[in-house]
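Q: Please find one structure pasted underneath; my questions will follow.
The values are calculated or read from the model by the stated rules, or taken from the named source; none is laboratory data. Given the structure is predicted, the values throughout are model-derived calculations rather than measurements. Backbone-built Cβ (ideal geometry, glycine too); neighbour counts: all protein chains shown.
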Amino acid sequence: MDEPEPRRFRALFLSDFHLGTKGCQAEMLLEFLRAHDADTIYLVGDIVDGWRLKQTWYWPQSHNDVVQKLLRKARKGARIFYVPGNHDEFLRKYCGSHFGGIEVLESVIHETADGRRFLVIHGDVFDMVVRHARWLALLGDWAYETALILNAHLNVLRRRLGLSYWSLSAWAKLRVKNAVNFIGRFEETLSAEARKQRVDGVICGHIHHATMHDMAGVAYVNTGDWVESCTAVVEHHDGRFELIRWAERRSMTKPAREAPAGSGLRAA
């Protein structure tokens, strides 16, 4: 059966696939990529998890299918920018290079249809743990991977009970005071960088917390991830941003109709 026509947007922002790990929700990501297309696609870091692949090689067919799908979109005319993060930092030495139609950059400025300018950056360079205590970051990565394995088993049970996907780690993150404080500091730091660069906002990833809001006059947008929340951010052709929570939408048989044109940010 032919696939339905994908929803088309001016720009699509995705981050934190963590291909090469068992926590990657590759099947849901493939569903999303089949259902959505854009003139410009930004891969905002941690697409491939080099940290995990150094320890154990894990690369199922679904992860390869994600890469092939992106390369196919590039061949069909989409302009794709890859902004590396800390887990795929090995690509930073290739900034300025092109691979299969995908351009690798340290950061990039995106201009919306309504003339606003956004700094697109993964965000790990503003994470003091990643920058100055790598051993602690690696320990945290191991603990996080363990939580994701538990989460996978939990969701197998939920599917058998007819329940939708739910992220244990995302739920816990918002209930631990230190984690909530870290998220707040990260958002403040990225917003300050946007002000420093005299842009209207920042689009980032890294902390696996999808959100869009105003930070004292600066638009803060985090694309989330494809490990916990399965989220992406799109720009409509009128310049509006929309946060798509695919895990919540995937049961729908028809694409949701676009909302009337308006200004500002909107989460869905």
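Q: Given the condition more than 21 Å from Glu103 (Cα to Cα), surrounded by fewer than 19 Cβ atoms within 10 Å (Cβ to Cβ), charged (D, E, K, R) and at pLDDT below 95, answer yes or no: does some residue in region 12-23 qualify?
A: Within region 12-23, one or more residues are more than 21 Å from Glu103 (Cα to Cα), surrounded by fewer than 19 Cβ atoms within 10 Å (Cβ to Cβ), charged (D, E, K, R) and at pLDDT below 95.
Q: Something else about it: Residues of region 1-19 being farther than 20 Å from Phe241 by Cα and either in contact with a strand residue (DSSP E or B) (Cβ under 6 Å, 6 or more places away or on another chain) or in a strand (DSSP E or B) (or both), which ones? Working first, answer last.
A: Filtering region 1-19 down to residues farther than 20 Å from Phe241 by Cα leaves 1-5, 17-19.
Scanning region 1-19 gives a single hit, Leu19.
Q: To continue, here is another question. Modelled with pLDDT under 65 and among the hydroxyl-bearing types (Ser, Thr, Tyr) - does that describe any residue in region 153-167?
A: Checked region 153-167: at least one residue is modelled with pLDDT under 65 and among the hydroxyl-bearing types (Ser, Thr, Tyr).
Q: Taking only pairs six or more apart or across chains, which ones have beta-carbon atoms under 6 Å, a first residue in region 202-225 that is at negative phi, and a second residue that is of a type in the set (S, T, N, Q) and surrounded by fewer than 19 Cβ atoms within 10 Å (Cβ to Cβ)?
A: Sorted first by the residue in region 202-225, then by its partner, the pairs are Asn222/Thr211.
Q: Residue by residue through region 41-58, note down the ones that are closer than 20 Å to His206 by Cβ and in a loop (DSSP other than H, G, I, E, B).
A: Filtering region 41-58 for residues closer than 20 Å to His206 by Cβ gives 41-54.
Within region 41-58, Val44, Gly45, Asp46, Ile47, Asp49 qualify.
Q: If you check Arg79 against the conditions, is it out of contact with any strand residue (DSSP E or B) (no Cβ under 7 Å at 6 or more places or on another chain) and among the basic types (Lys, Arg)?
A: Values: out of contact with any strand residue (DSSP E or B) (no Cβ under 7 Å at 6 or more places or on another chain): no; among the basic types (Lys, Arg): yes.
For Arg79, the condition - out of contact with any strand residue (DSSP E or B) (no Cβ under 7 Å at 6 or more places or on another chain) and among the basic types (Lys, Arg) - is not met.
Q: Turning to a different aspect of this structure: Which condition number in (1) assigned to a loop (DSSP other than H, G, I, E, B); (2) of a type in the set (Gly, Ala, Ser); (3) modelled with pLDDT of 95 or more is the one that Ala38 fails?
A: (1)
Q: Could you look through region 59-76, keep only residues that are without any contact (Cβ under 8 Å) to a residue 12 or more places away in the chain and within 13 Å of Gly101 (Cβ to Cβ), and pick out the one that is surrounded by the fewest Cβ atoms within 10 Å (Cβ to Cβ)? Talk me through it step by step, then tell me what you get.
A: Step one: list which residues in region 59-76 are without any contact (Cβ under 8 Å) to a residue 12 or more places away in the chain, which gives 61, 64, 68, 72, 76.
With the extra rule that they be within 13 Å of Gly101 (Cβ to Cβ), the set shrinks to 68, 72, 76.
Working: Gln68: 13, Arg72: 13, Lys76: 9.
That would be Lys76.
Q: Taking Asp238, is it modelled with pLDDT of 95 or more and surrounded by 13 or more Cβ atoms within 10 Å (Cβ to Cβ)?
A: So Asp238 fits the description; yes.
Q: Just give me the residues in region 87-107 being in contact (Cβ under 8 Å) with a residue 12 or more places away in the chain, part of a helix (DSSP H, G or I) and not aliphatic (A, V, I, L, M), in sequence order.
A: Answer for region 87-107, where residues must be in contact (Cβ under 8 Å) with a residue 12 or more places away in the chain, part of a helix (DSSP H, G or I) and not aliphatic (A, V, I, L, M): Glu89, Phe90, Arg92.
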